[in-house]
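The values are calculated or read from the model by the stated rules, or taken from the named source; none is laboratory data. In this text, all values refer to a predicted model and were calculated from it rather than measured experimentally. Cβ placement follows ideal geometry from the backbone for every residue including glycine, while neighbour counts extend to all protein chains displayed. All accessible areas refer to the heavy atoms of the entire protein, side chains included, with ligands and DNA or RNA removed. Shrake-Rupley method; radii C 1.70, N 1.55, O 1.52, S 1.80 Å.
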Protein chains: 2
Amino acid sequence: MSDRKAVVLLSGGLDSATSLAIAVDKGYECYCLSFEYGQRHGIEIQFAASLANSLGAVEHRIARIDIGAFGGSALTDSQIEVPDYVPCENQIPVTYVPARNTVFLACALGWAEVLGARDIFIGVNAVDYSGYPDCRPEFITAFQTLANLATRSGVEGDHFNIQVPLIDLNKKEIIRCGMALGVDYARTVSCYRLDERGYACGRCDSCVIRRQGFQSAGVEDPTQYSV
Amino acid sequence: MSDRKAVVLLSGGLDSATSLAIAVDKGYECYCLSFEYGQRHGIEIQFAASLANSLGAVEHRIARIDIGAFGGSALTDSQIEVPDYVPCENQIPVTYVPARNTVFLACALGWAEVLGARDIFIGVNAVDYSGYPDCRPEFITAFQTLANLATRSGVEGDHFNIQVPLIDLNKKEIIRCGMALGVDYARTVSCYRLDERGYACGRCDSCVIRRQGFQSAGVEDPTQYSV
């Protein structure tokens, strides 16, 4: 396997953009992977393409996967409304998409094996996050163990490495890190319920956490908010 | 979670058909899941639908996932030929699809969580198999660990169970088990390179292992072989 190639999961959001910038800065040839999974905020794919291009990715692929059809999340089921942000610890919000990061990492693993890439980047972070179980360090560790049992490369002794450069950073630190690496956050989108004009709602989990992050970092958020 | 509902991975092949029959026999309400993943033997989906119906599944879903586009396998890349069977131990054949079972189980996990199903059936077996790394017991154990870290249900203390009823059976035993449970093996397809008439090649890994299994079981194989 090559220690220069990396598959980078890229959603079009703030975290994965920063994760990509870090991977590029470390000298990896980055193969970015985004998904059409039936998400209501499908516009994020366009942001991902723009980010991959502006940050110097070698390639950007968009894979369609039908997990949204299973429902069970406000992000994929139009019957479940995306709520306003309510700060509450130890609760998994309705925007949690069942097994999403497991599916995303599994697909990234397949592509990494074909490319001969050893490293997979995912922009999860365990500090300012939404309480999703598949953003925790123990989940990542378990996936890495699985990756090395699941694959030809793993069996042959070449080990995959799941890189989570944001895992211990809060949003302020992520934004400052991205700014230092030249991320244009105007090319990222966080809102779960953009309006027809493309304005962010300013009230969902994702908007509130983003806004607080920019405020703490002392950086202007280029997002256009409707409130 | 319900201990009566199960998601059953169903490829349309001999093993997954038997796994479904076992799940039905155990009294589970079976929600079958098949994939269009760019496989050259896409006709297996039709066989899967027929099996789900004949064996009494509650529902059968077909999910499209774009992993075939990554290539790297004779089953998904038309540039790589499916070879004749060559008995050789400790070699992973070119029909191995990178991370396929990881992706399939990840999708099954997502649906199981939405359904409130605790059990997921997959028809892997570690005896008469093709040397795929993601058919081994240690892979399954690692996936179960991951499943319970990845999900809301796992975090809340309700644990998923990955059931592998065929793991210790050879093909002869699998076929005898299926026959006892009324599986109509004419509704299954194993060949990786069916011809235009729908005849099996009789020479790929999958055909050779299937044929040997029926011969050992003393049961007539309903497959039409071209040689």
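Computed values, structure above
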| item | result |
| --- | --- |
| In Å, descending, principal axis extents of the Cα set of the protein assembly as shown | 76, 44, 35 |
| Inter-copy separations for residue A:180, label at 7 Å along Cα-Cβ, nm, ascending | 6.5 |
| Loop-resident sites, segment A:1-55, for trypsin sites (Lys or Arg not before Pro), counting at most 15 other Cβ within 10 Å (DSSP) | A:26 |
| Ranking by accessible area, most exposed first, for B:60, B:41 with a 1.4 Å probe | B:60, B:41 |
| Segment B:36-99 - charge dipole about Cα centre, Lys and Arg +1 at Cβ, Asp and Glu -1, debye rounded to 20 | 200 |
| Extension gain, residue B:58 back to residue B:141 (0.36 nm per residue minus Cα-Cα distance, nm) | 27.2 nm |
| Positive minus negative residues near residue B:181 (Lys, Arg vs Asp, Glu; Cβ under 12 Å) | 0 |
| Accessible-area composition of chain A, carbon plus sulfur, in percent [1.4 Å probe] | 44 |
| Using a 7 Å Cα-to-Cβ projection, residue B:27 label spacings across copies, nm, ascending | 6.2 |
| Positive-end extreme of charge dipole, the protein assembly as shown - chosen from A:147, B:110, B:78 (charges on Cβ) | B:78 |
| Straight-distance crosslink candidates among aspartates and glutamates, where the alpha carbon sits under 12 Å from residue B:5 and sequence neighbours closer than 8 are dropped | B:29, B:59, B:113, B:119 |
| Per-copy distances of the residue A:64 label point, shortest first, in nm (7 angstrom along Cα→Cβ) | 0.3 |
| Mean projection area, nm², convex hull over Cα of segment B:182-227 | 3.1 |
| Trypsin sites (Lys or Arg not before Pro) restricted to DSSP loop in segment B:154-227 with at most 14 other C-beta within 10 Å | B:197 |
| For the pair A and B, total buried accessible area rounded to nearest 100 Å², probe 1.4 Å | 3400 |
| Net charge dipole size for segment A:1-59 [Lys, Arg +1 and Asp, Glu -1 on Cβ; Debye, nearest 20] | 20 |
| Heavy-atom accessible area per residue - segment B:113-201, 1.4 Å, Å² | 40 |
| Choice from B:196, B:59, B:173 with maximal GNM fluctuation in chain B (Cα, 10 Å cutoff) | B:196 |
| Reachable lysines from residue B:171, criterion Cα separation under 23 angstrom, eight or more residues apart if same chain | B:26 |
| Net dipole in debye of segment A:89-227 [+1 Lys, Arg Cβ; -1 Asp, Glu Cβ; about Cα centre; nearest 20] | 300 |
